[in-house]
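Have a look at the structure below, then the notes.
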Amino acid sequence: MAKVELKKLGKVYEGNVRAVDDANIVIDDKEFVVFVGPSGCGKSTTLRMIAGLEDITEGELFIDGKMVNDVPPKDRDIAMVFQNYALYPHMTVYENMAFGLKIRKLPKAEIESRVKEAARILDIEKLLDRRPKQLSGGQRQRVAVGRAIVRNPKVFLFDEPLSNLDAKLRVQMRAELIELHDRLKATMIYVTHDQVEAMTMGDKIVVMRDGKVQQIGSPLYLYNQPINKFVAGFIGSPPMNFLTVKVGEEGGRIFVEEAAFKLYPAAEHSSLLKSYIGKEVSFGIRPEDLPYADHQGSGVIKAKVTVVEPLGAEIHVWGTTGTQPLVAKVPPHHMFKIGDDVSFAPVMEKARFFDRDTELSILPVKWDERA
């Protein structure tokens, strides 16, 4: 397998449309890395530059230590799994999986051996004589993955491969791809807009927005140490709450407040918030860090319930402080109805504060976990 390095990689289309800007990413050998972000953030364009399907406008791309900017896709030793599977409808499963190997003029015996081994790994041995129209969505996805496996490439590329599947099948296929990575010990790069996929599948996540890399790190690093408001809001489900608060001081103690609450930050945040006294900042708190409180006063947030979502193991309670929305995760034994006045006691050690202008975390955080 191989290490992949992107050094100041950029893609500019006609009309000075910058799709990817100054991407610096290192994907280690055998690593499963997920590019995640909203539509139009540049993640698929970055993947296509790695594959050689898009020309590189700026920077350098290395695969296994070799610069491949001008190397044709067929010579990069990569295999790509597309969103729409891209199977040949007139060919059987066996023929679809074997096609790339036939083009490379491999011996017939080796082709058969590789296809049957890939089919065994993916549990599609009984489907080899069928055509794509006779397969379910999940089976077609396995065939597309199998076609990549038989190539035995240095790098596997996946471009939103599960987006056409229903929710239950997506969960199943996620688990199968994780198991496949563990079995093959392969370098894999996976693109998705679904942060749940990113959190559950990746050894490392690259969060992108407007063509720029926002932050790189393990799922839990990004969850616990977001560098800016965008990463904090994108990673986690439901997303982090952001409330505009004003910073004040009384008796040498820092506090943040809005009409419905007055809160006292943890010590590590208090020292950093001193320079914001008299100014507004964004107070971030995750729904799971807003436990229900059966009391009022300082240290709690008062809200009026607007939506209740019972999910079995937990309840999502959506409400408003009067001017700002928020959502909390609470145990199922709490019963709420729309219009109720409730209080939540935020775990201030888990809170995050962001500059209102730059949207950067007030608590210093590294752009890349390994930097």
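The values are calculated or read from the model by the stated rules, or taken from the named source; none is laboratory data. Quick caveat, the model's predicted, so the values are computed rather than measured. Cβ: placed from backbone, ideal geometry, glycine included. Neighbour counts: every protein chain shown. When the accessible area is computed, the model is the full protein with side chains, heavy atoms only, and any ligands, DNA or RNA have been set aside. Shrake-Rupley method; radii C 1.70, N 1.55, O 1.52, S 1.80 Å.
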What dipole magnitude, in Debye to the nearest 20, does the chain give about its Cα centre under +1 on Lys/Arg Cβ and -1 on Asp/Glu Cβ? 1120
For the range 1-154, what is the charge dipole size about the Cα centre, in debye to the nearest 20, if Lys and Arg each add +1 at the Cβ and Asp and Glu each add -1 at the Cβ? 760
Grab the Cα-Cα distance for residue 210 and residue 130, subtract it from 0.36 nm times how many residues apart they are, and report the gain in nm with one decimal. 24.6 nm
With a 1.4 Å probe and every protein chain kept in, tell me what percent of the accessible surface of the range 223-348 is carbon plus sulfur. 54
Give me the percent relative contact order of the chain, please, defined on Cα pairs under 8 angstrom at least 6 residues apart. 16
Which order do the peptides 280-287, 335-342 come out in when sorted by mean C-beta neighbours inside 10 angstrom, highest first? 280-287, 335-342
So how long is each side of the chain along the principal axes, counting just the alpha-carbon atoms, biggest first, in Å? 81, 46, 37
Could you rank 13, 223 by how accessible they are, 1.4 Å probe, largest area first? 13, 223
Which percent of the accessible area of the range 113-174 is formed by carbon and sulfur heavy atoms (probe 1.4 angstrom)? 41
Inter-site label distance for residue 163 and residue 175 at 7 Å from Cα along Cβ, in nm: 2.5
Computed FRET value (nearest 0.05) for residue 279 with residue 196, which takes r as the C-beta separation and R₀ as 30 Å: 0.30
Rounded, prolate or oblate for the range 63-189? Axes are the square roots of the Cα gyration tensor eigenvalues, ordered a ≥ b ≥ c, and the cut-off for rounded is a/c under 1.5. oblate
Taking the Cα centre of the chain as the origin and placing charges on Cβ (Lys, Arg +1; Asp, Glu -1), which of 202, 165, 256 is farthest toward the positive end of the dipole? 165
Principal axis box of the range 177-229, alpha-carbon based, largest edge first, Å: 36, 23, 17
Grab the alpha carbons of the range 185-287, take their convex hull, and tell me the volume per residue in Å³. 127
Protection-proxy order for peptides 272-278, 139-145, 36-42, 180-186, each taking the mean of Cβ atoms within 10 Å per residue, highest first: 139-145, 36-42, 180-186, 272-278
Mind ranking 310-318, 253-261 by how tightly packed they are, going by the mean number of other C-beta atoms within 10 angstrom, highest first? 253-261, 310-318
Ignoring everything but the protein chains, give the 1.4 Å probe accessible area of residue 355 in square angstrom, nearest 10. 30
Would you mind computing, in nm to one decimal, how far apart the modelled labels at residue 271 and residue 74 are, each placed 7 Å from Cα along Cα→Cβ? 6.2
Would you please classify the overall shape of the range 240-371 from the alpha carbon gyration tensor, given that a ≥ b ≥ c denote the square roots of the eigenvalues, rounded means a/c under 1.5, and beyond that prolate means a/b larger than b/c while oblate covers the rest? prolate
Evaluate the charge dipole of the range 64-179 about its Cα centre and quote only its size in Debye, nearest 20, assuming +1 on the Cβ of each Lys and Arg and -1 on the Cβ of each Asp and Glu. 300
Need the full-extension length gain, residue 371 to residue 259, defined as separation in residues times 0.36 nm minus the C-alpha distance. One decimal, nm. 36.3 nm
With unit charges on the beta carbon (Lys/Arg positive, Asp/Glu negative), name the residue among 338, 275, 293 whose Cα is farthest towards the positive pole of the charge dipole of the range 215-349. 275
